[in-house]
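**Q** Sending over a structure as structure tokens; questions will come in a sec.
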Amino acid sequence: MDPESERVWNEPMKTLLHGADYNPDQWLDRPDILDEDFRLFPLAGVNTVSVGIFAWTRLEPEDGVYDFVWLDALLNRLAESGMQVILATPTGAKPAWMSQKYPEILRCGPSRVRDLHGARHNHCPTSPEFRRKAVGLNTRLAERYGKHPAVILWHVSNEYGGECHCPLCQEAFRSWLKKRYQTLEALNKAWWTDFWSHRFTDWSQIESPAPHGESFIHGHNLDWRRFVDAQSLDFFLTESAPLRKISPQVPLTVNMMGTYPGLNYWSWAPHVDLISWDNYPPWHNAQRDDIAEGAWTAFVHDLNRSLKHGQPWLLMESTPSQVNWQAVNRLKKPGMHRLSSLQAVAHGSDSVLYFQWRKGRGAFEKFHGAVVDHVGHEHTRTFQEVAEVGRDLRALTSVAGTRVPAAAAVVYDWENRWAIDDFAGYSRSDRDYQGACAEFHRALWSRSVACDIPNQDQDLLGYQLVAAPWLYLLKPGTADRLRAFVEKGGTLVLTFFSGWVNESDLVFEGGFPGPLRSLAGVWSEELDPLWKGQSNKALPVPGNDLGLTGEYQIATFCELIHEEGSEVLATYGEDWYAGRPVLTRHSVGQGEVYYIAAKVDSRFVDDLMGSLIRRVGLAPAVEGLPAGVVAQVRTDGTTDTVFTMNFNNRPAGDLPSYGVKWEKRPKKAGG
Ligand SMILES: [Zn+2]
């Protein structure tokens with residue numbers, strides 16, 4: 001655990017935040033609207049607003065000319081009203097005058113063509129001018145508001161993302177590579193550049209991956225992703241330095257985007273005081289039902305909680321009704337707003353915050369859901385449901401700062417995902433790494449067993465049951481950590497696509513799953529991908545002690561493995577490899593390793609995990625809940641708060657359609 005993660009968040013507040021992104025900078029000529037906002041805040045049960053996220057043009061209307069008059073008045077009025085403020089730095093979007101005056105701040109795409117001014121999230125993270133402008137404004141914000149009584153948290157920029165291929169970034173990429181590899185020979189080795197005669201003889205020959213240039217060197221692609229992550233983080237550290245220096249007592253966060261593939265949030269987590277993320281599940285969609293949507297959302301909540309080792313996090317954005325950017329933007333059915341809001345709290349959030357407080361009249365987000373609709377008053381279904389959540393959060397005040405204890409984990413690793421998404425071979429269309437992780441998580445979630453989502457760098461010794469599906473890219477130390485976990489009594493589930501390449505995306509010699517071979521007790525010799533419509537069967541060995549019976553369907557991937565000291569628990573039912581192992585178990589030290597060689601159906605994953613939960617002795621938060629109803633616990637070490645949630649569009653158990661309830665009980669011993 002890193003020392004920075006020990007900073008205590010929420011100590012002074014001891015409350016759950018309820019509120020929204022608030023953009024009065026869009027209404028500065030309408031004092032009547034601002035008056036109305038202040039009348040409506042208490043009616044909605046709102047205690048917090050996020051301010052200034054896209055306000056750069058209003059704060060610095062000309063180069064070096066600052067206007068804080070409106071923000072002074074606003075923050076003072078919020079403080080007088082007892083409201084808390086999450087104050088943003090506005091670097092998520094830049095003023096037009098700035099793009100015109102300093103064109104180097106405009107981002108270049110992979111084609112090397114520079115963007116025109118417009119949109120947002122499009123600055124060059126390397127540009128010294130952009131860094132200078134960001135630091136200039138952030139210094140003034142910190143000096144002016146760092147001790148303001150309303151300000152409780154810095155919201156640094158907004159949803160960092162994307163990448164820049166400009167000449168400045170090319171140079172920074174080469175510098176980053178020099179630091180990583182020291183010598184060009186080491187880089188050539190790591191990238192296997194004798195392939196297609198791609199060997200570099202001078203650092204200046206190296207460019208970022210491009211559609212009209214290099215894109216076939218996997219180590220190169222992987223390092224570019226690492227560089228984009230590192231350079232974005234470096235920009236964040238630069239722009240947040242004045243906040244840290246001038247207002248060290250105000251914690252800071254960045255709003256993350258779940259499993260967004262462009263950044264590795266594990267590298268960011270040590271540098272923020274608390275994790276926050278923006279959650280927009282497409283409820284009531286035609287592709288997956290609300291139970292599946294609830295399971296996926298729980299997975300991402302658990303991931304965010306794990307980024308700081310269980311510390312409470314913030315739901316920074318969600319919509320009170322619908323969004324405006326999905327293919328079809330459905331309304332939340334009655335009850336769903338309360339359910340989805342309290343689901344976040346149940347998984348460790350100390351807030352329910354929305355984008356946005358009030359709908360604007362123009363531009364891209366004018367039809368994005370908001371607490372206050374264009375009609376302008378509180379007599380709407382959405383406003384009343386928000387007010388109901390406000391009452392819930394007040395009643396749940398004692399939950400603030402409490403933890404979610406978990407004895408199970410599913411490993412999800414960004415660098416592994418990058419490598420899996422990129423490699424050529426087998427079947428590309430079915431390569432859904434995060435779907436595979438979510439499937440194992442769902443088996444725990446649906447049984448009301450709490451689950452963390454560590455990456456492969458984390459110590460696993462505190463867990464009893466860990467699934468690490470598709471661990472294709474193995475970093476140094478991972479195999480040792482997994483072995484230590486198993487030897488001390490842990491139960492580990494591995495699958496096909498494991499232990500294939502190292503951190504440079506170079507294939508392990510000596511047979512798969514590489515460094516995991518002796519731990520898994522199997523040698524994976526070949527992999528047979530199946531076409532859509534083709535299938536095989538997994539047949540549990542009769543009388544196996546996991547209680548697996550009948551047959552399960554296999555699609556997409558079939559690994560052909562040899563047991564090496566492991567016990568076979570299921571075999572293929574068809575094709576020329578009928579009878580070869582599909583599921584094995586290997587005893588190591590005081591623990592066990594299960595290896596699943598094929599993409600067996602979800603029912604198999606669910607049955608296996610259910611059996612392992614019982615075998616390991618993990619207790620559900622609540623026993624005997626109907627399908628689609630799950631429970632989750634937060635605890636202060638003495639008292640548990642148990643949330644029970646119904647994701648069915650019909651009553652189930654004692655809950656109505658999309659119902660949620662909570663109750664207090666003494667903490668279970670050992671739980
Ligand atoms: Zn750039």
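**Q** Quick check on the stretch 303-453: take the gyration tensor over C-alpha atoms, sort the square-rooted eigenvalues as a ≥ b ≥ c, and tell me if it's rounded (a/c under 1.5), prolate or oblate.
**A** oblate
**Q** Please list, or write none, the aspartates and glutamates whose alpha carbon is within less than 12 Å of the alpha carbon of Lys245, excluding same-chain residues fewer than 8 places away.
**A** By straight Cα distance, Lys245 reaches Glu143.
**Q** Now a separate question. Mind listing the long-range amide H neighbours of Phe512? Cut-off is under 5 Å, sequence gap 5 or more, other chains count too, H placed in the peptide plane at 1.01 Å from N.
**A** For Phe512, whose amide H was placed from the backbone, the distant partners under 5 Å are Ser524.
**Q** Residues in the stretch 101-139 near a label at Phe68, defined as backbone nitrogen under 15 Å from the 7 Å Cα→Cβ point?
**A** Output list for this probe position: 135-139.
**Q** How big is the chain along each principal axis, measuring the range of its Cα positions in Å and listing the largest first?
**A** Sorted from largest, the Cα extents of the chain read 76, 70, 44 Å.
**Q** In addition: Working from Cα positions, state the angle (0 to 90°, nearest 10) between the long axis of helix 478-487 and the longest principal axis of the chain.
**A** 70
**Q** Calculate, for Ser602 and Leu461, the FRET efficiency according to 1/(1 + (r/R0)^6) with r their C-beta to C-beta distance and R0 30 Å; round to the nearest 0.05.
**A** 0.55
**Q** Report the gain in length on full extension from His198 to Phe367: 0.36 nm times residue separation, minus Cα-Cα distance, nm rounded to one decimal.
**A** Between His198 and Phe367, full extension yields 55.8 nm more.
**Q** Let me ask another. Rounded, prolate or oblate: which fits the stretch 459-584, taking a ≥ b ≥ c as square roots of the Cα gyration tensor eigenvalues, rounded meaning a/c under 1.5, else prolate when a/b beats b/c? Numbers along the way, then the final one.
**A** Values: a/c = 2.06, a/b = 1.32, b/c = 1.56.
Because a/c hits 1.5 or more and a/b fails to exceed b/c, the stretch 459-584 counts as oblate.
**Q** Then there's this: Placing +1 at every Lys and Arg Cβ and -1 at every Asp and Glu Cβ, with all other atoms neutral, what dipole size does the stretch 421-472 have around its Cα centre, in debye to the nearest 20?
**A** Working: 4 positive and 8 negative charges, 50 e Å.
With Lys and Arg at +1 and Asp and Glu at -1, about 240 debye.
**Q** Which value, in debye to the nearest 20, describes the size of the charge dipole of the stretch 582-671 about its Cα centre when Lys and Arg Cβ atoms bear +1, Asp and Glu Cβ atoms bear -1, and nothing else is charged?
**A** 80
**Q** Taking the highest mean first, how do the peptides 74-86, 155-167 order by number of other beta carbon atoms within 10 angstrom per residue?
**A** On the way: 74-86: 18.5, 155-167: 21.2.
The most tightly packed comes first, giving 155-167, 74-86.
**Q** Report the calculated FRET efficiency for Phe216 and Ser611 (r = Cβ-Cβ distance, R0 = 41 Å), to the nearest 0.05. Write out the running numbers ahead of the final one.
**A** Numbers: r = 43 Å, r/R0 = 1.06.
Once rounded, the FRET efficiency stands at 0.40.
**Q** Would you please classify the overall shape of the stretch 512-586 from the alpha carbon gyration tensor, given that a ≥ b ≥ c denote the square roots of the eigenvalues, rounded means a/c under 1.5, and beyond that prolate means a/b larger than b/c while oblate covers the rest?
**A** Judged from the Cα gyration tensor, the stretch 512-586 comes out oblate (a/c at least 1.5, b/c at or above a/b).
**Q** May I pose another question? Can you find, among Val372, Pro95, Pro529, the residue sitting farthest towards the positive end of the charge dipole of the chain, where Lys and Arg contribute +1 and Asp and Glu -1 at Cβ?
**A** Val372
**Q** Taking 0.36 nm per residue of separation and subtracting the Cα-Cα distance, what length does fully extending Ser111 through Arg144 add?
**A** Numbers: separation 33, 0.36 × 33 = 11.88 nm, distance 4.15 nm.
Length gained between Ser111 and Arg144: 7.7 nm.
**Q** Now a separate question. Give the residue from Gly19, Leu137, Phe41 lying farthest towards the positive end of the charge dipole for the chain; charges sit on Cβ (+1 for Lys and Arg, -1 for Asp and Glu) and the dipole is referred to the Cα centre.
**A** The residue sitting most towards the positive pole is Phe41.
**Q** Could you work out how far helix 218-246 tilts from the main Cα principal axis of the chain, as a 0 to 90 degree angle to the nearest 10?
**A** 30
**Q** Round to the nearest 0.05 the FRET efficiency obtained for Arg403 and Arg244 when R0 = 35 Å and r is the Cβ-Cβ distance.
**A** Using R0 = 35 Å, I get an efficiency of 0.85.
**Q** Continuing with this model, one more query. Quick check: residue separation of Arg120 and Asp234 times 0.36 nm, minus the Cα distance between them. What number comes out in nm?
**A** Numbers: separation 114, 0.36 × 114 = 41.04 nm, distance 1.92 nm.
Fully extending the segment from Arg120 to Asp234 adds 39.1 nm.
**Q** As I understand it, the dipole of the chain uses +1 on the Cβ of Lys and Arg and -1 on the Cβ of Asp and Glu, about the Cα centre. Which of Gly550, Ala443, Ser566 lies farthest toward its positive end?
**A** With unit charges placed on the Cβ atoms, the residue in question is Ala443.
**Q** Here is a further query. What does the charge dipole of the stretch 53-197 about its Cα centre add up to, to the nearest 20 debye, if the Cβ of each Lys and Arg holds +1 and the Cβ of each Asp and Glu holds -1?
**A** 280
**Q** To continue, here is another question. Only residues of the stretch 545-572 count here: report those whose backbone N is under 15 Å from the spot 7 Å along Cα→Cβ of Trp523, or say none.
**A** Backbone N within reach: 560-566.
None of the figures in this text is laboratory data; all of them are computed from the coordinates on show. The model shown is predicted, which means the values in this text are computed figures rather than measured ones. Virtual Cβ from ideal backbone geometry, glycine too; neighbours counted across all protein chains shown.
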